[in-house]
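Here is the structure we will look at, set down as structure tokens.
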Amino acid sequence: AAVVFDRQGVILKSSDKFRSLVHKEETDLCGTSVFAALSENVAETLRQYLLLSTLKDKTVFYETLTASGYPPVAVEIEIAQKDSFFICVFRDIAAFERREERLKYLAYHDTESGVENYAYLKEVFPKVVDQAKVTQTQVAVLSISPDSLGQINAVSTHLVNTRLVAAAADRIRQCLNDSDVLALTRSHHFTVLLTGIEFSIEIEKKVEAILNAFKEPVLVDDVEFDFSVSIGVCFYPQNGDKLEQLMEFADLALDKARSESQSSMRLYSSDFSMAAAVNRNMRRNLKSAIENHEIT
């Protein structure tokens, strides 16, 4: 919302948004006083700035516009002098904050399912770690994924898949405390931070609760999906202190759990990393052998 006026405060030009802001949508404000258009408190503050400031550079101040019969509006007011006239820009702080909150929500949530994403997980991880240091507790990192993702994709549409992810997230969230963190880090793949862990029995109970939560089919659009999950677990600080490293270790434990049986859980072991390294080397060597025509 912007208004342009001369040294006497006579309005030379005003935007539609400014007229709406001061509730004079149907009025041509050109030739009228800018001070008369504003509520008394804002007009007085504006007069003081015009009297006390040369306004060679833009000046910003904050006030609340009031009008009889309308709710008050907190505004940021930016004023600058240009030759012999002044340009004043009004920004609705509440509307700006709502936009900022919306942008933050979009940055930290999967746009389709609404579940928190990796960016959110990365943002909160340092805070979780700091709290664990203060309370001298552990953080368990859980990697959770369905056992039969291929079958789910084969029989469901993209929209159903999205709703299925949201429904699965709700079931996991019901097993967590308020301080725990849930994020969708890949398609149908969740990472959970369990906080304030003092005893291993706490982990066992929460993991068992999550596994049991999926023993009943997930209902989406009147269609039942058998959605059993497996879980890999590692710990901060025992297994590492970097989020990416801990997620990798939890994924290795998840792979081990799924290779043994459905709806199961495995704790990370350093042996899993050694096996994964051997696997990676084998893949790399085979790729090189094929490219160099060394296999007969």
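The values are calculated or read from the model by the stated rules, or taken from the named source; none is laboratory data. The structure displayed is predicted, hence computed values, not measured ones. Cβ atoms come from the backbone with ideal geometry, glycine included; neighbour counts cover every protein chain shown. Just so you know, the surface numbers come from the protein's heavy atoms only, side chains and all, with ligands and any DNA or RNA stripped out. Shrake-Rupley method; radii C 1.70, N 1.55, O 1.52, S 1.80 Å.
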Fill in the blank from the handout: Note on Tyr62: of the conditions (1) farther than 12 Å from Phe90 by Cα; (2) of a type outside the set (Gly, Ala, Ser); (3) open to solvent by 70 Å² or more (accessible area, probe 1.4 Å), unmet is (1)
Handout entry: Residues of segment 66-86 classified as under 31 Å from the mean Cα position of the chain (by Cα) and either closer than 14 Å to Thr45 by Cα or among the hydrophobic types (A, V, I, L, M, F, W, C) (or both), total
Key = 6
Handout entry: Ala253 surrounded by 21 or more Cβ atoms within 10 Å (Cβ to Cβ), over 26 Å from the mean Cα position of the chain (by Cα) and closer than 17 Å to Leu194 by Cα
Key = yes
Handout entry: Selection status of Cys30, in a loop (DSSP other than H, G, I, E, B), touching a strand residue (DSSP E or B) at 6+ places or on another chain (Cβ under 9 Å), farther than 30 Å from His158 by Cβ and modelled with pLDDT of 85 or more
Key = yes
Problem - Residue in segment 109-141 that is surrounded by the fewest Cβ atoms within 10 Å (Cβ to Cβ), counting only those that are modelled with pLDDT of 95 or more and among the hydroxyl-bearing types (Ser, Thr, Tyr) - result: Tyr118
Practice task
For segment 184-194, state whether one or more residues are at pLDDT 95 or above, within 30 Å of Val129 (Cβ to Cβ) and of a type in the set (D, E, K, R).
Solution key: no
Completion exercise
Residue hits (segment 1-16; under 20 Å from Ala80 (Cβ atoms), free of Cβ contacts under 8 Å to residues at least 40 places away in the same chain and charged (D, E, K, R)) are Lys13
Practice task
Just one of (1) at pLDDT below 90; (2) under 19 Å from Asp180 (Cα atoms) trips up Glu208, so point out which.
Solution key: (1)
Exercise for the section: Test Val89 against the stated conditions and say whether it is under 23 Å from the mean Cα position of the chain (by Cα), at pLDDT 90 or above and not in a helix (DSSP H, G or I). Expected result: no
Problem - Phe225 being open to solvent by less than 40 Å² (accessible area, probe 1.4 Å) and either at pLDDT 90 or above or in contact with an Asp or Glu (Cβ under 8 Å, 6 or more places away or on another chain) (or both) - result: no
Practice task
Please work out which one of (1) open to solvent by 20 Å² or more (accessible area, probe 1.4 Å); (2) more than 30 Å from Gln238 (Cβ to Cβ); (3) more than 15 Å from the chain's Cα centre (by Cα) is the condition Glu100 fails and give its number.
Solution key: (3)
Problem - Elements of type strands (runs of 3 or more DSSP E) contained in segment 186-296, each with 2 or more residues being under 24 Å from Asn117 (Cβ atoms) and not β-branched (Val, Ile, Thr) - result: 189-197, 229-236
Practice task
Give the residue, chosen from Asn177, Asn212, that is farther than 21 Å from Val124 by Cβ and either open to solvent by 30 Å² or more (accessible area, probe 1.4 Å) or in contact with a Gly (Cβ under 7 Å, 6 or more places away or on another chain) (or both).
Solution key: Asn212
